[in-house]
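A short reminder: the numbers here are calculations on the coordinates, not readings from a lab. Computed from a prediction, not measured in an experiment: that's the story for all the values here. In this analysis, Cβ positions are derived from the backbone assuming ideal geometry, glycine residues included, and neighbour counts consider all displayed protein chains.
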Amino acid sequence: MWGGRYAEGPSAIMAEINASIGFDRKMWRQDVLGSLAHARMLAQVGIISADDLSAIERGLEQIGQEIAAGKFAFDTTLEDIHLNIEARLTERIGEAGKRLHTGRSRNDQVATDVRLWVRDAMDGLAAQIEDCMRAFLGVAAEHTGTLMPGFTHLQPAQPTTLGHHMMAYVEMLSRDLSRMRDARARLNECPLGAAALCGTGFPIDRHATAAALGFDGPTRNSLDSVASRDFALEFLSVCAICATHLSRFAEELVIWTNPSFGFVKLGDGMTTGSSIMPQKRNPDAAELVRGKTGRINGALVGLLTVMKGLALTYAKDMQEDKEGVFDAAESLALCLAATAAMLRDMKPNLKRMAEAAGAGFSTATDLADWLVRELKMPFRDAHHVTGRLVAHAEAMGVDLSGLTMNEMQAVEPRIHAGVFGVLSPAASAASRTSFGGTAPANVARMVTYWQEKLA
Ligand code: ARG
């Protein structure tokens, strides 16, 4: 490819460290599309002839078929997908193939291919995020009134409902979705035509190639066009945040399926057994969602580290952008699919969750609030009185509603029997009617809000 200047080929180790064809072949579709758009534009502005264009179109179409059919002989000595396709084109159609690279460089070509690939990945993942939101919504709709413990520090805090808990993830995923769309909008400018780094003297029409490839327009600075990968960094950030959300739910499933909790059960199809312990039902899918989040976060940090300190413009370091991006996209797709599948499979144990919702003096806040409302006690004092009642109940081995009136009045003489109305988990959950709170009627409204938004 640069035989004019070079008398010898690369050493074996040079060829090995240099080649990206092993992984960038994944972008063959994007490369063919980019070349077609470029060739059509070249013909339109009169840089190549109509005959050359039809030869290139025919050749690229056949190459696409060869690759799709697994019949294309990828060649490591041709470094990457761009040179592999170009060389094969010239092999097939001769002279015209050699004219394709007029007014472009692999630098703008690869920047375009990666953007196109990431854009497709964003669209696929956005659809999957929506599906996962639907799966959370499905559980939430059924369980707006299903009591479960709400935790802070993984200690019983206040009663909540399974529906409210599911809806928390709907909110998180909705922001992931909106971040994905935002990132897509910023990505959607076309670097093709920036050529090596400074643009070109040929009268190319960058607006035409941008439009042909579905971009909003061409990028405005040729140096930036070939030097920047922040679109990929942003994509990886969105993936990492989304995976981090999924990994938190995965961790909860690991906890909830533990028999000591027994909040939910996953079926045969979404768990694995043990080759030695016959009783086992392991939540491997959840563990792998949690685990794969590590490599997705790693891809983000990896590319940030590749890009930091790189002087403008292109440097071969940037070839290292692809594997992390591909892997993160594929891993997140798997995590989203597995999470949706677990949600559709899981069977909540309402009895266990309701019992746990009342454990650990979870209605202590309700008692304190009652003291504030009924006895006009300042909240700090109410907190102290309630703390003494909890300590007494704990010593007696009962929960708060198990204390007698006498025991309560020994701590605060003004307490009356009305207090028992606020000590059940159900009453506690139902009382939290503030906007965004746990109350079942609230949660049902939020379910409807999202069902309509997603419809
Ligand atoms: N395979 C290269 C990459 O992925 C393509 C760009 C090569 N450009 C260059 N100047 N050698 O980055």
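To the nearest 10 degrees, how steeply does helix 321-345 sit against the main Cα axis of the chain, on a 0 to 90 scale?
40
5 Å is the cut-off here: which amide hydrogens, built 1.01 Å from N in the peptide plane, fall below it relative to T161, excluding neighbours closer than 5 in sequence?
Amide H neighbours of T161: M148.
Once both axes come from the Cα atoms, what is the angle between helix 106-142 and the longest principal axis of the chain, in degrees from 0 to 90, rounded to 10?
Its long axis makes an angle of about 20 degrees.
Could you check the simple spin-label distance between S434 and H383, using points 7 Å along Cα→Cβ, in nm with one decimal?
1.4
Using a 10 angstrom Cβ neighbour count of at most 14 plus a DSSP loop assignment to flag exposed trypsin sites (Lys or Arg not before Pro), which longest range of the chain is free of such sites? Please report the intermediate quantities before stating the final value.
On the way: sites that count: R5, K71, R220, K280, K308, K376, R414.
After excluding every exposed loop site, the longest remaining stretch is 72-219.
Roughly speaking, what is the centre-to-centre gap between region 147-213 and region 269-348 when only Cα atoms are used, to the nearest Å?
17
Shape of region 210-258 from its Cα gyration tensor (a ≥ b ≥ c, root eigenvalues): rounded if a/c is under 1.5, otherwise prolate when a/b > b/c, or oblate? It would help to have the intermediate numbers written out before the result.
Details: a/c = 7.57, a/b = 3.19, b/c = 2.37.
Since a/c reaches 1.5 and a/b is larger than b/c, the shape of region 210-258 is classed as prolate.
Could you calculate the contour length gain from A354 to S54, that is, 0.36 nm times the residue separation minus the distance between their Cα atoms, to one decimal place in nm? All intermediate terms of the calculation are to be shown ahead of the outcome.
Working: separation 300, 0.36 × 300 = 108.00 nm, distance 7.04 nm.
Extra length from A354 to S54 when fully extended: 101.0 nm.
Can you return the lysines within cross-link range of K71? Criterion is Cα-Cα under 28 Å, with same-chain partners fewer than 8 residues away left out.
Partners within reach: K26, K98, K322.
Tell me, what HN-Hα J-couplings in whole Hz come from the Karplus equation 6.51 cos²θ - 1.76 cosθ + 1.60 at θ = phi - 60° for each residue of region 411-425, using x for Gly and Pro?
8, 9, x, 7, 4, 10, 4, x, 4, 5, x, 10, 8, 8, x
Determine, from the Cβ-Cβ distance of A68 and T272 and an R0 of 41 Å, the FRET efficiency 1/(1 + (r/R0)^6), rounded to the nearest 0.05. Numbers along the way, then the final one.
Numbers: r = 35 Å, r/R0 = 0.85.
Calculated transfer efficiency: 0.70.
Round to the nearest 0.05 the FRET efficiency obtained for T448 and Q279 when R0 = 45 Å and r is the Cβ-Cβ distance.
Values: r = 42 Å, r/R0 = 0.92.
The pair T448/Q279 has a calculated efficiency of 0.60.
When the expected Rg is taken as 2.2 N^0.38 Å, what fraction or multiple of it is the alpha-carbon Rg of region 321-455?
On the way: Rg = 21.9 Å, N = 135, 2.2 N^0.38 = 14.2 Å.
Normalised Cα radius of gyration, region 321-455: 1.54.
Show me the chymotrypsin sites (Phe, Trp or Tyr not before Pro) within region 1-34 that DSSP assigns to loop and that have at most 13 other Cβ atoms within 10 Å of their Cβ. The partial results should precede the final answer.
Numbers: sites: W2, Y6, F23, W28; in loops: W2, Y6.
Answer in residue order: W2, Y6.
Report Rg/Rh for region 8-50, rounded to two decimals, where Rg is the Cα radius of gyration and Rh the Kirkwood radius.
On the way: Rg = 15.9 Å, Rh = 12.9 Å.
Looking at region 8-50, the ratio lands at 1.24.
Would you mind classifying region 269-381 by shape? Square roots of the alpha carbon gyration tensor eigenvalues, ordered a ≥ b ≥ c; an a/c under 1.5 is rounded, otherwise it is prolate if a/b is larger than b/c and oblate if not. Could the numbers behind the result be given before it?
Details: a/c = 4.09, a/b = 1.60, b/c = 2.56.
It is oblate, given that a/c is not under 1.5 and a/b is not larger than b/c.
I'd like the Karplus ³J(HN,Hα) series for region 434-446: coefficients 6.51, -1.76, 1.60, θ = phi - 60°, whole numbers in Hz, and an x wherever there's a Gly or Pro.
Working through the residues one at a time gives 4, 3, x, x, 6, 3, x, 5, 4, 5, 4, 5, 5 Hz.
Given the C-alpha centroids of region 50-80 and region 215-233, what is the distance between them in whole angstrom?
Going from one Cα centre to the other spans 26 Å.
Using Cα atoms only, what is the angle between the long axis of helix 284-307 and the major principal axis of the chain, expressed in degrees (0 to 90) to the nearest 10?
Computed tilt is about 50 degrees.
Across the Cα atoms of the chain, what radius of gyration and what greatest pairwise Cα-Cα distance (Dmax) are found, in Å?
For the chain, the Cα-based Rg and Dmax read 30.4, 101 Å.
Run the helix sum for the chain: -39,500 (n - 2.57) per DSSP H stretch of 4+ residues, divided by residue count, reported at 222 nm to the nearest 500 deg cm²/dmol.
Details: 19 runs with 286 residues, N = 455.
So the helix-based figure for the chain works out to -20500 deg cm²/dmol.
Would you mind telling me the antiparallel percentage of the DSSP bridges in the chain, rounded to 5? Don't skip to the answer; put the middle values down first.
Working: 9 of 11 bridges.
Just about 80 percent of them are antiparallel.
Along its three principal axes, how long is region 225-333 when you only count alpha carbons? Whole Å, largest extent first please.
Cα spread of region 225-333 along its principal axes, largest to smallest: 59, 25, 19 Å.
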